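Worksheet: the structure to be examined is printed underneath.
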Amino acid sequence: MAYSIDDAKAPSRHTLQYYYIFGSRSIYHDGWKAELAYPSSFITGNAQSKQAFDENAWELYNLNDDYTERIDLAKKYPEKLTALKAEFEEQAKEHHLYPYITWDDVFNGRIHRTKDSKPFSEAVKAATKSGENQ
């Protein structure tokens, strides 16, 4: 970033970035971003939400023209989306992201558990009590 202080119009040197956390994933490459959200009622706060995960629900944005990610271009540029998804898979393999761990894995106790662990929902309730029983 320091190079841009002397030259505000300097082209970015940050051209590739992948992101993965609990099912959601994204890849940025040369101004384009593809992303796939992982629906989770725990994250959205809507316990009634039963939105199924759709592996094909990737979105595509050209951040050079639309930095607010307002216009999903996935249907308009399917070849660009395919290329970015392939790049994400390359990064995932190179950086050992497999197996993917989702919020459902955490919430349903498929990871981070010992024989004495509380169910995740109980642990969250215990950690977020607001001064009760003090």
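Which residue out of Thr68, Thr114, Thr82 is more than 15 Å from Tyr20 (Cβ to Cβ), among the hydroxyl-bearing types (Ser, Thr, Tyr), open to solvent by 60 Å² or more (accessible area, probe 1.4 Å) and not in a loop (DSSP other than H, G, I, E, B)?
Selected residue: Thr82, the only one of Thr68, Thr114, Thr82 that is more than 15 Å from Tyr20 (Cβ to Cβ), among the hydroxyl-bearing types (Ser, Thr, Tyr), open to solvent by 60 Å² or more (accessible area, probe 1.4 Å) and not in a loop (DSSP other than H, G, I, E, B).
Can you name the number of the only condition in (1) open to solvent by less than 50 Å² (accessible area, probe 1.4 Å); (2) modelled with pLDDT under 70; (3) assigned to a loop (DSSP other than H, G, I, E, B); (4) not basic (Lys, Arg) that Ser121 fails?
If we test Ser121 against (1) open to solvent by less than 50 Å² (accessible area, probe 1.4 Å); (2) modelled with pLDDT under 70; (3) assigned to a loop (DSSP other than H, G, I, E, B); (4) not basic (Lys, Arg), just (3) comes out false.
Looking only at region 89-104, count every residue that is part of a helix (DSSP H, G or I) and buried (at least 16 other Cβ atoms within 10 Å of the Cβ) and tell me the total.
Total meeting the criteria: 4.
The values are calculated or read from the model by the stated rules, or taken from the named source; none is laboratory data. Note that the coordinates shown come from a computational prediction; the quantities given were computed from them, not determined experimentally. With ideal geometry, Cβ positions are generated from the backbone for all residues, glycine too; neighbour counts draw on all protein chains shown. All accessible areas refer to the heavy atoms of the entire protein, side chains included, with ligands and DNA or RNA removed. Shrake-Rupley method; radii C 1.70, N 1.55, O 1.52, S 1.80 Å.
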